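Remarks on the structure that follows.
The values are calculated or read from the model by the stated rules, or taken from the named source; none is laboratory data. Treat the numbers as computed from the prediction; the structure is a model and nothing was measured. When we count neighbours, we look across all protein chains shown, and the Cβ atoms used for this are built from the backbone with ideal geometry, even at glycine.
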Amino acid sequence: MEPVVAPEAANDAVEATSGEIDLTVDLGRGLVLPNPIVVASGTFGYGIEYGDVVDVDRLGAICCKGTTLKPRIGNPTPRVTETPGGMLNSIGLQNPGVDAVVEKYAATWATWKVPVIVNVAGESVADYVAVTRKLEGVPGIAGIELNISCPNVGRGGLQFAIDAAAAGEVTAAVRRATDLPLLVKLSPNVADIRPIARAIADAGADALTAINTLSGIAVAPDRRKPLLGNIYGGLSGPAVKPVALRIVYEAAGAVRIPVIAIGGVTELADVLDFLAVGAVAVQVGTAIFADPTLPVRLVSQLEAECRRVGVASHRDLVGSAVPKRTAAASAKGVEYRP
Ligand SMILES: Cc1cc2nc3c(=O)[nH]c(=O)nc-3n(C[C@H](O)[C@H](O)[C@H](O)COP(=O)(O)O)c2cc1C
């Protein structure tokens with residue numbers, strides 16, 4: 001049978017795909033992820049729980065469970081419910097507090113190759129700064145991810161993440177308190193992500209992560225009350241992916257710092273979609289509950305995909321779906337948002 005590819009082209013293809021594939025992601029301040037597949041906060045515990053099932057050192061990074069200054073017992077039950085294409089959770093940041101997290105886990109993290117990023121939550125700027133100070137300089141802690149989708153008690157419970165000034169203020173305060181790489185996690189529950197993303201970048205964040213869960217509720221089977229003990233829950237899973245894609249697309253277009261995508265990843269195609277809209281890395285969350293081995297398999301699959309399409313790094317796939325120029329504003333100066 002005749003060869004389907006001309007011999008020269010076949011040689012080129014072999015050359016392009018047979019070398020080492022570079023999957024590293026440089027987030028700045030010395031934090032270089034070995035690959036772009038990260039496990040999302042709240043869905044992989046402190047990593048240690050999964051040691052028997054997953055080779056954690058093959059992951060790009062671990063974002064641990066949300067950590068607060070004092071221990072928290074979390075929200076009343078029920079705390080989770082399934083939804084079409086996803087789940088609603090209202091765990092309420094149950095965690096043993098930063099001192100216990102450092103004491104119990106950091107020594108083990110220090111023996112791992114995989115960078116561990118501590119997800120930090122608080123109810124005031126002072127809370128975030130205090131937790132950060134306790135993490136600064138601890139061996140085994142590679143960076144901080146600020147969960148700013150928390151009520152700011154001093155401002156009548158308004159979430160930091162939905163207000164550009166508050167998001168910038170908490171980011172700037174934490175930036176002053178630490179030299180650790182600082183990631184800040186965006187909430188999708190906003191009308192326009194761009195001013196918020198810019199405020200966080202201007203305040204000195206090293207990277208953005210997007211998105212946290214979408215606010216939702218469910219109704220109890222007897223229809224006499226909302227189902228979740230906390231009434232409100234956060235929607236995650238495949239159902240949120242289009243929203244996450246849109247927010248990553250907009251945030252990546254608005255700032256110069258790297259954006260890490262989160263939301264509904266269940267297979268390689270999702271990873272490739274997020275890279276295409278400008279993400280440099282991707283976090284896997286809810287899908288881990290069904291299959292904790294998924295993130296490690298995605299690493300191998302992404303490497304194989306780079307070979308298949310003939311690129312030396314996944315970085316060559318980043319931004320492929322982003323138009324070269326932003327479309328001109330419409331005559332009315334507004335975009336169509338159904
Ligand atoms: C049970 C559960 C707990 C979570 N806990 C946290 C948390 O402590 N801090 C945080 O920033 N995000 C938390 N998240 C949000 C996830 O990290 C992620 O942003 C979100 O679930 C969207 O990704 P996914 O669709 O892949 O799950 C949690 C999500 C779930 C499902």
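From the set of residues in the range 152-167 that are more than 14 Å from Ala126 (Cα to Cα) and of a type outside the set (Asp, Glu), which is nearest to the chain's Cα centre (by Cα)?
Ala161
Which of the following residues is buried (at least 17 other Cβ atoms within 10 Å of the Cβ), more than 15 Å from Tyr46 (Cα to Cα), away from the ligand (no atom under 15 Å from the Cβ) and modelled with pLDDT of 95 or more: Arg175, Arg133?
On the way: Arg133 fails: buried (at least 17 other Cβ atoms within 10 Å of the Cβ).
Going through Arg175, Arg133 in turn, just one is buried (at least 17 other Cβ atoms within 10 Å of the Cβ), more than 15 Å from Tyr46 (Cα to Cα), away from the ligand (no atom under 15 Å from the Cβ) and modelled with pLDDT of 95 or more: Arg175.
Only one of (1) surrounded by 19 or more Cβ atoms within 10 Å (Cβ to Cβ); (2) closer than 15 Å to Ala142 by Cα is not met by Gly42, so which one is it?
Here Gly42 meets the rest and fails (2).
Inside the range 143-168, can you point out the residues that are among the hydrophobic types (A, V, I, L, M, F, W, C) and either farther than 14 Å from Val101 by Cβ or without any contact (Cβ under 8 Å) to a residue 24 or more places away in the chain (or both)?
Listed by number, the residues that qualify are Leu146, Ile148, Cys150, Val153, Leu158, Phe160, Ala161, Ile162, Ala164, Ala165, Ala166, Ala167.
Would you check if there is a residue in the range 100-112 being out of contact with any Pro (no Cβ under 8 Å at 6 or more places or on another chain), on the phi < 0 side of the Ramachandran plot and within 13 Å of the ligand (Cβ to nearest atom)?
Within the range 100-112, one or more residues are out of contact with any Pro (no Cβ under 8 Å at 6 or more places or on another chain), on the phi < 0 side of the Ramachandran plot and within 13 Å of the ligand (Cβ to nearest atom).
When the residues of the range 33-69 are narrowed to those that are acidic (Asp, Glu) and not in a helix (DSSP H, G or I), which ends up nearest to Asn119 (Cα to Cα)?
Once the filter is applied, the top-ranked residue is Asp55.
How many residues are closer than 16 Å to Arg79 by Cβ and more than 29 Å from the chain's Cα centre (by Cα) when one looks only at the range 210-226?
Summing the residues that are closer than 16 Å to Arg79 by Cβ and more than 29 Å from the chain's Cα centre (by Cα) in the range 210-226 gives 2.
Filter the range 136-151 for residues that are among the hydrophobic types (A, V, I, L, M, F, W, C) and not in a loop (DSSP other than H, G, I, E, B); which is nearest to the ligand (Cβ to nearest atom)?
Looking at the filtered set, the residue picked out is Leu146.
Looking only at the range 70-87, count every residue that is outside any loop (DSSP other than H, G, I, E, B) and near the ligand (Cβ under 9 Å from one of its atoms) and tell me the total.
Of all residues in the range 70-87, those outside any loop (DSSP other than H, G, I, E, B) come to 72, 80-83, 86-87.
Pick out the ones that are also near the ligand (Cβ under 9 Å from one of its atoms) and you get 80, 86-87.
Of the residues in that region, 3 qualify.
How many residues are in contact with a helix residue (DSSP H, G or I) (Cβ under 6 Å, 6 or more places away or on another chain) and farther than 10 Å from Ala40 by Cβ if we restrict to the range 275-295? Full working, then the answer.
Kept after step one, since they are in contact with a helix residue (DSSP H, G or I) (Cβ under 6 Å, 6 or more places away or on another chain), are these residues of the range 275-295: 275, 277-279, 282, 284, 287, 292, 294.
Still in the list and also farther than 10 Å from Ala40 by Cβ: 275, 277-279, 292, 294.
The qualifying residues number 6.
Tell me the residue from Val299, Val277 that is within 30 Å of Gly19 (Cα to Cα) and in contact with a strand residue (DSSP E or B) (Cβ under 6 Å, 6 or more places away or on another chain), please.
Val299
Of the residues Gly285, Gly229, Gly264, Gly233, which is small (Gly, Ala, Ser) and on the phi > 0 side of the Ramachandran plot? Reasoning before the result, please.
Working: Gly285 fails: on the phi > 0 side of the Ramachandran plot; Gly229 fails: on the phi > 0 side of the Ramachandran plot; Gly233 fails: on the phi > 0 side of the Ramachandran plot.
None of the other options fit; the residue is Gly264.
In the range 190-215, which residues are crowded, with 19+ Cβ neighbours inside 10 Å, farther than 14 Å from Ala254 by Cβ and within 16 Å of the ligand (Cβ to nearest atom)?
Within the range 190-215, Thr209, Ile211, Asn212, Thr213, Leu214 qualify.
Please specify each residue of the range 191-230 satisfying the condition of being in a loop (DSSP other than H, G, I, E, B), without any contact (Cβ under 8 Å) to a residue 40 or more places away in the chain and in contact with a strand residue (DSSP E or B) (Cβ under 9 Å, 6 or more places away or on another chain).
Result: Ala203, Gly204, Ala220, Lys225.
In the range 246-281, what residues are under 21 Å from Ser313 (Cα atoms), within 15 Å of the ligand (Cβ to nearest atom) and crowded, with 24+ Cβ neighbours inside 10 Å?
Val248, Val259, Ile260, Ala261, Ile262, Val265, Val271, Phe274, Ala279, Ala281
Counting only residues that are of a type in the set (Val, Ile, Thr) and under 17 Å from Gly86 (Cα atoms), which one in the range 282-299 is surrounded by the fewest Cβ atoms within 10 Å (Cβ to Cβ)?
Looking only at the range 282-299, we keep the residues that are of a type in the set (Val, Ile, Thr), and these are 282, 284, 286, 288, 293, 296, 299.
Pick out the ones that are also under 17 Å from Gly86 (Cα atoms) and you get 284, 286, 288.
Numbers: Val284: 27, Thr286: 24, Ile288: 21.
This residue is Ile288.
Identify the residue in the range 282-305 that is within 11 Å of the ligand (Cβ to nearest atom) and not in a helix (DSSP H, G or I) and, among all such residues, is nearest to the chain's Cα centre (by Cα).
Result: Gln283.
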